[in-house]
Every structure is written in C-alpha cells, then in structure tokens.
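The values are calculated or read from the model by the stated rules, or taken from the named source; none is laboratory data. Everything numeric in this text was worked out from a predicted model, so none of it was measured. So basically every Cβ, Gly included, is an ideal-geometry build from the backbone, and we count neighbours across all protein chains shown.
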There are 2 protein chains.
Amino acid sequence: MNQHFKKLYLENQICFPLYAASRLTTKVYGPYLKELDLTYPQYLVMMVLWKEDHQTVNRIGERLLLESNTLTPLLKRLEQKGLLSRKRSSLDERSVVVSLYPKGEILKEKAVSIPDKILGDISGSTMTAEEIRIFQHTLLKLVDALNAKIPNDTKQDNI
Amino acid sequence: MNQHFKKLYLENQICFPLYAASRLTTKVYGPYLKELDLTYPQYLVMMVLWKEDHQTVNRIGERLLLESNTLTPLLKRLEQKGLLSRKRSSLDERSVVVSLYPKGEILKEKAVSIPDKILGDISGSTMTAEEIRIFQHTLLKLVDALNAKIPNDTKQDNI
DNA sequence: TATGTTTATATCGTGTACGATTTAATATGG
DNA sequence: CCATATTAAATCGTACACGATATAAACATA
C-alpha cells in the first residue's frame, strides 16, 4: 500500500479540523444566539457595529473578510428585524452606511455575556487557558498569512 | 463600563478567526480543486472514500460530522459526475452504500499532490513547521471537545 | 469636457449547512 | 406476533458563501 496516499487522510491535514472546528463552534453558539434571534454571521456583523457604529458595507466586509454578495442580503435581514439602517452616503452615493437602531444597540447588553459562556463550554474540557492563548495566537497568524495569500482585490493583469 | 464590552471585540474571541481561517483555507484549495472539478466538501467526501471504499452515508457523516440533509444532495452531485454510486444495502434497506467508480478512484492520483501544495502555500509565510504541528494538535483536541459538547443524538462509536 | 476606468453595492446562480419533518425499514417489548 | 420505538435517508425551508456579472457613481486624464 502506497505510503504517499496517507497525505490524503483527514487526520493528516490541517484543513478538515479547521473546517470542523468552525462549524462546531457555530453550533455551540446556537442556543445563545437563538435567544437574540441572530445567526452566527449576523452576530459577527453586530459585533463589528457594536465596536464602531456607522460603517459602510465595504468596511464591515474588510473586518469580516466578506463581500457585498454575502453582506447585502444579510444586512437586509438585520434591517428587517429593526436592528439597523442602511442609507446611501450623501458624500459618496456609491457607499451604503450601516447604522444601529436603538434596538440593535440595546442587544449588546444581552450579547455581552455570551463570550464567557462559550469559553466555559470549551474550557470545561481538556483545554487549558494557556493552550487556548497560544492557539489563538497561531490562529491569528494563520489568518493573516492566508489573507495575504488570497488575491483579495484582484488586480487587472490584462491590457 | 467600556472595558466590559471588549469581550465582544472580534480579536478577543476564538470563534471568528476560526471561521475566517476555515473560509480562507477553502479558498486556497479553490484553484487546485477546480482542476478536479470538485468543491471542498466534495473533496472531503472523496478523501473519506479514498481511504476506505463502500461506506454508508451515515458512516461518511460520522467522519465529516455531517448528516444526510447535507450529504444526500452532495453525494447525488458526485454521482452525477460519475465518480461514485449510491446503492441501498441489501442487508439493511435503510442504509445507502456509497462506492467509488473507477473514475472516482483514478481522481485520487491527481489529488495526492494537493496537500503538499497547500502546505507550501501556508508555510511559505511566518508559520514554522513546529508551530503548525502544535497548532494541529490543539485543533484536534478542540474538535474532540466541541464534538463531545454537541448534543449529537445519533452517536455510535464504531461499526 | 468627453470618455474610459475604477469603485461600491447589488444581483444571480450554485452549492453547502442545518433545524425540522417525513418516510420506510428494522429492532424491541409485551 | 403485533404494536411501538428506533434508525437511516431523504426532503424542505432558511441562510449563508462566493464566483461572476451588472449598475451607477466617482475619478482620471487626454
């Protein structure tokens, strides 16, 4: 049996556990976010706005590494829920500025307890706090490295 | 007051970088998988079958932490491509056994070079091999911890 | 100033994810 | 045995992701 096919085993790759961990953490958030009537990506957008209100779609996308094709429908749903407004900027009619409504601002109060609950769910197991800290550090480096690798703003190489 | 809300910053959580890293790695796979005419989740299913052929939908789901609501349509697409077959088991008519067609088996030859290419893409940056090794170890522990946390009613250990 | 280019969103089509439900087959208890 | 419970897939509806394309505003420059 060929040794070199073992590279194709799930356990020997970094990508699958990353994919699995991402989906599983989202599931752990599930019950907490259900109380806020938010999905996980919607929660991420709200966190961006809780930190700094009145941001354009583009700017929110820079934070979350998402583009308008994903954000526009998502933001419309949050607008529908009465959490935020989407208004064309008067300075630059191309941009849409997203701003929190009071209802969206208030939701922050309910959300603030979530991170500790999640940490409790995770660290109750075999993971130490130190281990998580190191892990987080490497994870951020990985994201940066990957992000630099992706042709984010595709430059025109023709003409 | 303000300090309290810093827990809601993206940088201070583990979930967002996990989510971002997962999506970014999938994108890094993009060009390589395009040559095989596979999506990333389809590639994962193929890896499961390359390691061990003739598995039920349920068993594939145990490996990938996915269920039939996701797998059934995905497997139908792979069947459409002529990579595998889906047949009801004669022993247990409830189960569907998935088996590779020669075309699916052959694809393994083209896929085997992908892991090294991905590793090259990632490790070309600031990440050391040792760092990646430790990271992978923690990641697997995290997946186990999370997986144990999720109320998975249909949890069978083996066979 | 006319015109071509870049930029910010939006739209569209395909393919996951996943909670909830449905259907059919098998296992089980009385 | 039969009635009931459990199990394996499939189906359904909603919500992302994302490549590709469209549209309109702002910009650049000859």
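So, A:Val48, is that one more than 14 Å from chain B (Cβ to nearest Cβ) and either at negative phi or within 12 Å of DNA strand D (Cβ to nearest atom) (or both) or not?
On the way: more than 14 Å from chain B (Cβ to nearest Cβ): no; either at negative phi or within 12 Å of DNA strand D (Cβ to nearest atom) (or both): yes.
Criteria not met by A:Val48.
Listed residues A:Leu91, A:Leu24, A:Leu100; which is within 15 Å of DNA strand D (Cβ to nearest atom) and surrounded by 19 or more Cβ atoms within 10 Å (Cβ to Cβ)?
On the way: A:Leu91 fails: surrounded by 19 or more Cβ atoms within 10 Å (Cβ to Cβ); A:Leu100 fails: within 15 Å of DNA strand D (Cβ to nearest atom).
So the residue among A:Leu91, A:Leu24, A:Leu100 that is within 15 Å of DNA strand D (Cβ to nearest atom) and surrounded by 19 or more Cβ atoms within 10 Å (Cβ to Cβ) is A:Leu24.
With respect to (1) exposed (fewer than 12 other Cβ atoms within 10 Å of the Cβ); (2) modelled with pLDDT under 90; (3) of a type in the set (D, E, K, R), the lone exception for B:Glu131 is condition (1). Any residue that is closer than 25 Å to B:Pro17 by Cβ, over 16 Å from the mean Cα position of the chain (by Cα) and polar (S, T, N, Q) - is there at least one of those in the stretch A:76-86? No, every residue in the stretch A:76-86 fails to be closer than 25 Å to B:Pro17 by Cβ, over 16 Å from the mean Cα position of the chain (by Cα) and polar (S, T, N, Q).
Scanning the stretch A:54-70 for residues that are within 12 Å of DNA strand D (Cβ to nearest atom) and either more than 15 Å from the chain's Cα centre (by Cα) or within 14 Å of chain B (Cβ to nearest Cβ) (or both) yields A:Gly61, A:Leu64, A:Leu65, A:Leu66, A:Glu67, A:Asn69, A:Thr70.
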